[in-house]
1. Compute the convex hull volume of the Cα atoms of the chain, divide it by the residue count, and report the result per residue in Å³ as a whole number.
2. Enter the Cα centre distance for the pair segment 33-81 and segment 1-30, rounded to the nearest angstrom.
3. Under a crude label model (7 Å from the Cα following the beta-carbon direction), how far is residue 80 from residue 56 in nanometres?
4. Taking 7 Å along the Cα-to-C-beta vector as the label spot, tell me the residue 38-residue 100 distance in nanometres, rounded to one decimal.
5. Distance in nm between label sites at residue 48 and residue 28, each 7 Å beyond Cα in the beta-carbon direction?
């Protein structure tokens, strides 16, 4: 049985209108992301961060949960909906270091999986 994966992605997007556009893409990601013509992402939540010096300029935090590492790899390499998010943010993320992504095994009990 596969272990679910929690992926956290942080973005440095300085312009408010670009933040809203990215959040709109994330709002429909769970339905839009298809693998073998079926939704495959277990959960998605993306929000604007609070303004705080400790956030080091990151303005968006997205949490995506996948059923397996293979699903996350598909998301990275083949998912058209993910490509749409990348296109929406192209040229709008502060560089260098404007994106930070980490992933980990999910605690199934805490997530209710």
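1. In the chain, the Cα hull volume divided by residue count equals 110 Å³.
2. 5 Å
3. Using points 7 Å along Cα→Cβ, the separation is 3.6 nm.
4. Between residue 38 and residue 100, the label points sit 3.6 nm apart.
5. Modelled inter-label distance: 2.1 nm.
A short reminder: the numbers here are calculations on the coordinates, not readings from a lab. No experiment lies behind these values; they were computed from the predicted model shown. Please note: Cβ atoms are built from the backbone with ideal geometry, for glycine as well, and neighbour counts cover all protein chains shown.
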